[in-house]
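Enquirer: Handing you a structure now.
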Amino acid sequence: MAMAQKNASAAPMLSVRNIHKAFGSNEVLKGVDLDVHPGEAVALIGGNGAGKSTLVKIIMGIYQPDRGDVFIAGNKVSLNNPSAALAQGVYLVPQEPMLFPNMSVEENVILGFEEKTADLRKRLLDFTRQMKWEVDLSRKAISLSIAEQQLVEILRGLMRDSRILILDEPTSALTFDEVESLFRVIGDLKAKGISIIYITHRLTEVFTIAARVAIMRDGVITLNGPVGDFTRDDLVKGLLPPDAQENERGEKRPVPECGRGKPVFSLIGFTGYGFADIDLDVHRGEILGLAGVVGAGRTELATTIFGRDEVLRGKAILNGEDITGLSTPKVIEKGINYVPEDRFLNGIYKISDVAANTSSARLYLMGKVFLKRRDERELTNSYVKDFRIKITSQEQSVGSLSGGNQQKVVLARALSTNPKLVILDEPTRGIDAAARGDVYAIINRLKAEGVAILLISSDMEEIVELSDRAIAMYHGRINREFEKDRITQDNLMAAAFGAV
Amino acid sequence: MKILKTVAQAREFTSFLFVVALFLIVGAINPDFLSLQNILLSLNGSVVFTMLAVGIAFVIITGEIDVSIGATLGLAATVSAVLIRDGSSWIAAVLAALAVGAAIGLANGIGVMILRIPSIIMTLGINGVVRGLCYVYTGGKWVENLPFDYKALSQATLTGEPGSVTWFYLFAAAIAIGIYLLQTRSRRGRYFAAVGDNEGGANLIGIPVVRTKMTAFLLCSLFAAAAGLMYVSRIGFVTPTAGNGYEMKAIAACVLGGVSLSGGIGSMIGAALGAVIMASIGRILVFMHFSSNYDNTITGILLITIVVGDALLQKRASERARRKRLSARIAAKPGGGA
């Protein structure tokens, strides 16, 4: 403890000052200040899109800041590329280890050094012994577990005499034993005087390994101080926008009448890759919110329901019919539609026109050999009018529309199949406020028409606003379920971060 | 013992076994094929493909492709042949051919790494440009009447007797082995495989990705130019279509030799062994009493079969890794248990 105090009073190893960074018109970092002292671990937490990754990529020299300075050991440095950051003793252990899968452990660690191989090997062996890690150095990286791959990454950092080690959610793919041994290694590193930035989504870990905690929200650091000064509740509050508290105090909302009786869609012990033992019901005209952080298994759950991946255990029931493990076309035919998270990757046919996009999910209804163009136009027209999609003509390519209008086209396509259940994955990510209002209106109209809706969102406000009931997933399992009157940003955030 | 085990596990060893098995099978059908003389003929005949395959292996290992090597061979052969025919010194001819190779390699490298054109498109375009230059430079005519002593170079053998292993092949084999050692043992040599294995990861630990890939394109074209010099000596004349389609044979040789088209895996020894098979297909067909017209068709089928098989295996492996990673994220059941 005395050691830590002494270190904290010394000059910081790393200081970032007033860092700004924008991608296009999207301002990701809006003036970030952060200090890390020698031998100190700072936990960096924040929701999706808060700017944590952008910040560490700037410290690692992968991105360049628009404004602001980085100081290492008191000297102002310009980190124009990763090599420059490495030379300054910064090492980033990425969330998904970036090893060379077809090379040996030894090659993975010593590649990029100039010294003699024999010397490097000796140092490497020293480090593995210090870490008490017995590994065959000639094993190929592809055969290592994720935990072992992370150890290789840490070895790389140690071999470079790194002074600042950044760990990006290192425990997200580890078992509990592996987490324990990783924490022991981190403890040793701290004792050696190495500064650590530890990014995590697990609040428990903050209290276990960090001396200080910094919370990022919307591109600024909103809370920063010694871990001992805060409780878990303080951290959860720090993750929420400042006006959230006021919203919570709003009118007592009535418990909706929908969601009673026989559910349209149920999952029973549903288990697949990335999630386990999911039980849930969605009723006619009900919106079930599904909260969670990235990696909680929400998207995997949705794509598995949609027939894109294998079901390991459990059942999916639609209107009393077992639809477990059906292929995607069959699932659509039965009445489920999925609006994916990343519409650029999976959602739209960018260079096709609006009409072709809208009709693409129900082509089988539009003529046996040749498409009935008139039907296609009518279908498209009705959605363009209803959803207020701003287009110049039906022949306009979807890629040229704004994000909000693209999303409306994707929604129109999903609805054109007259689904019984719609799964919306982050429906308003990256679209502006006006379009967001339109999308909410569409979702509410669907609900009024009696469609059951599963709404996946990292935006807690969105879940509070729309959902009739909500569940929070944490590490692939359902952590909490909330009735309408209990859905608050506070509750959702705490459950999504595993703080309850 | 340990060395034996390492050798047996290497991908190149599989290619070696394939070569031996192929010769034995063809030999069983027609014993003449297994004569020492024929085996040496197969080796000597593979020298041009060996040079091409070793060169393109650099590019393939870094995860790119170069389909312009056939035309590069053609232009280097044309330019050097014209110089030799018109009485220039051999050194001038060699330098001119290598300059042609360097210029083409540089163009490919700049197009792919600086202008960010996909390598298949960039090198396909360059292939057209360079092949066109072969016609422009010669006016579509053959380059003939080369001096006998230059042609005799390719016939010179180790023992001095015809039918023995040629100096050309020994040279190519020595280069393949030398580069294999550099590529697997030296630090910078490993950069090629590292860049092909995980480009983002290579960048993150400070490996110069752009420079490494540009070097690969440069070396590839230089090897194609050297292959062109050997081609002139072996064939004795150059047509404007010289080397046409050789890129497929060289790529197939690499793939047969265990070089992965997705990058990161493989070596020059494998590529050289694959080249022997590729060069022998025509001869094998003759020995098995088929028309050698099937040569290209069989090469293409071999290429596709191996690539598809390899891709399926890799897809399965990466899918398995993805699922394992996702499963690891799931928290233990509350209250203990699995």
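The values are calculated or read from the model by the stated rules, or taken from the named source; none is laboratory data. What you see is a predicted model, and the numbers here were worked out from it, not measured in a lab. FYI the Cβ positions are ideal-geometry reconstructions off the backbone, even for glycines, and counts take in every protein chain you see.
Enquirer: Given B:243, B:236, which one is of a type outside the set (S, T, N, Q), surrounded by fewer than 24 Cβ atoms within 10 Å (Cβ to Cβ) and on the phi > 0 side of the Ramachandran plot?
Expert: So the residue among B:243, B:236 that is of a type outside the set (S, T, N, Q), surrounded by fewer than 24 Cβ atoms within 10 Å (Cβ to Cβ) and on the phi > 0 side of the Ramachandran plot is B:236.
Enquirer: Let me ask you something else. Scan segment B:280-289 and give yes if some residue there is in contact (Cβ under 8 Å) with a residue 24 or more places away in the chain and within 14 Å of chain A (Cβ to nearest Cβ), otherwise no.
Expert: no
Enquirer: Only one residue in A:77, A:16, A:109 is over 15 Å from residue B:201 (Cα atoms), in contact (Cβ under 8 Å) with a residue 12 or more places away in the chain and assigned by TED's automatic domain parsing to the domain that holds residue A:206, so which one is that?
Expert: Every option except A:16 fails the conditions.
Enquirer: If we keep just the residues of segment A:151-185 that are assigned to a helix (DSSP H, G or I) and within 17 Å of residue A:56 (Cα to Cα), which is farthest from the other protein chains (Cβ to nearest Cβ)?
Expert: Among them, the one singled out is A:154.
Enquirer: Of the residues in segment A:129-143, how many are surrounded by 18 or more Cβ atoms within 10 Å (Cβ to Cβ) and without any contact (Cβ under 8 Å) to a residue 40 or more places away in the chain?
Expert: Matching residues across segment A:129-143 total 0.
Enquirer: Restricting attention to segment B:249-268, which residues are more than 14 Å from every other protein chain (Cβ to nearest Cβ), touching a residue at least 60 places away in the same chain (Cβ under 8 Å) and within 10 Å of the chain's Cα centre (by Cα)?
Expert: Across segment B:249-268, the qualifying residues are B:249, B:250, B:251, B:253, B:254, B:257, B:268.
Enquirer: Let me ask something else about it. Just for strands (runs of 3 or more DSSP E) wholly inside segment A:285-389: which have at least 3 residues that are within 14 Å of chain B (Cβ to nearest Cβ) and modelled with pLDDT of 75 or more?
Expert: Result: A:311-318.
Enquirer: Also, I was wondering about something else. Specify the residue that is surrounded by the most Cβ atoms within 10 Å (Cβ to Cβ); the eligible residues are those in segment A:79-90 that are within 9 Å of chain B (Cβ to nearest Cβ) and of a type outside the set (A, V, I, L, M, F, W, C).
Expert: A:82
Enquirer: Now for a different question. Specify which of the listed residues (B:226, B:193) is buried (at least 24 other Cβ atoms within 10 Å of the Cβ), of a type in the set (Gly, Ala, Ser), closer than 29 Å to residue B:43 by Cβ and within 14 Å of another protein chain (Cβ to nearest Cβ).
Expert: So the residue among B:226, B:193 that is buried (at least 24 other Cβ atoms within 10 Å of the Cβ), of a type in the set (Gly, Ala, Ser), closer than 29 Å to residue B:43 by Cβ and within 14 Å of another protein chain (Cβ to nearest Cβ) is B:193.
Enquirer: Anything in segment A:216-235 that is assigned to a helix (DSSP H, G or I) and under 22 Å from residue A:54 (Cα atoms)? List them, or say none.
Expert: The answer is A:235, and nothing else.
Enquirer: While we're here: Counting just the residues of segment A:59-78 that are more than 15 Å from residue A:36 (Cα to Cα) and not in a strand (DSSP E or B), which one comes out nearest to the other protein chains (Cβ to nearest Cβ)?
Expert: Among residues in segment A:59-78 that are more than 15 Å from residue A:36 (Cα to Cα) and not in a strand (DSSP E or B), the one nearest to the other protein chains (Cβ to nearest Cβ) is A:62.
Enquirer: Taking segment A:467-500 only, how many residues are surrounded by 22 or more Cβ atoms within 10 Å (Cβ to Cβ), assigned to a helix (DSSP H, G or I) and in contact with a helix residue (DSSP H, G or I) (Cβ under 9 Å, 6 or more places away or on another chain)?
Expert: 5
Enquirer: Is it the case, given these coordinates, that residue A:126 is part of a helix (DSSP H, G or I) and either within 13 Å of another protein chain (Cβ to nearest Cβ) or touching a His at 6+ places or on another chain (Cβ under 7 Å) (or both)?
Expert: Against the criterion (part of a helix (DSSP H, G or I) and either within 13 Å of another protein chain (Cβ to nearest Cβ) or touching a His at 6+ places or on another chain (Cβ under 7 Å) (or both)), residue A:126 does not qualify.
Enquirer: Ok, one more. Which residues, taken from segment A:186-215, are within 21 Å of residue A:59 (Cα to Cα), in a helix (DSSP H, G or I) and not aliphatic (A, V, I, L, M)?
Expert: The one that is within 21 Å of residue A:59 (Cα to Cα), in a helix (DSSP H, G or I) and not aliphatic (A, V, I, L, M): A:190.
Enquirer: Scan segment A:94-109 for residues that are more than 10 Å from every other protein chain (Cβ to nearest Cβ), part of a helix (DSSP H, G or I) and not aliphatic (A, V, I, L, M) and jot them down.
Expert: The answer is A:106, and nothing else.
Enquirer: While we're here: How many of the residues making up segment A:135-150 are touching a Phe, Trp or Tyr at 6+ places or on another chain (Cβ under 7 Å) and more than 10 Å from chain B (Cβ to nearest Cβ)?
Expert: Residues that pass the stated criteria total 0.
Enquirer: Sort out which residues of segment B:167-190 are modelled with pLDDT of 90 or more and either acidic (Asp, Glu) or touching a Lys or Arg at 6+ places or on another chain (Cβ under 9 Å) (or both), and write them in order of number.
Expert: Those that are modelled with pLDDT of 90 or more and either acidic (Asp, Glu) or touching a Lys or Arg at 6+ places or on another chain (Cβ under 9 Å) (or both): B:168, B:182.
Enquirer: Any idea which of (1) within 11 Å of chain A (Cβ to nearest Cβ); (2) under 17 Å from residue B:109 (Cα atoms) is the one residue B:218 doesn't satisfy?
Expert: The one condition residue B:218 does not meet is (1).
Enquirer: Given the conditions (1) over 18 Å from residue B:60 (Cα atoms); (2) part of a loop (DSSP other than H, G, I, E, B), and given that residue B:234 satisfies all but one, which numbered condition is not satisfied?
Expert: Exception for residue B:234: condition (2).
Enquirer: Something else about it: Does residue A:64 count as modelled with pLDDT under 90 and either of a type outside the set (A, V, I, L, M) or surrounded by 14 or more Cβ atoms within 10 Å (Cβ to Cβ) (or both)?
Expert: So residue A:64 fails the test.
Enquirer: Out of the residues in segment A:448-461 that are surrounded by fewer than 22 Cβ atoms within 10 Å (Cβ to Cβ) and at negative phi, which is modelled with the highest pLDDT?
Expert: Only one residue tops the list, namely A:448.
Enquirer: For segment B:202-211, state whether one or more residues are more than 10 Å from chain A (Cβ to nearest Cβ), within 19 Å of the chain's Cα centre (by Cα) and not hydroxyl-bearing (Ser, Thr, Tyr).
Expert: Taking every residue of segment B:202-211 in turn, none turns out to be more than 10 Å from chain A (Cβ to nearest Cβ), within 19 Å of the chain's Cα centre (by Cα) and not hydroxyl-bearing (Ser, Thr, Tyr).
Enquirer: Can you find a residue that is away from chain B (no Cβ under 12 Å) and assigned to a helix (DSSP H, G or I) anywhere in segment A:110-118?
Expert: yes
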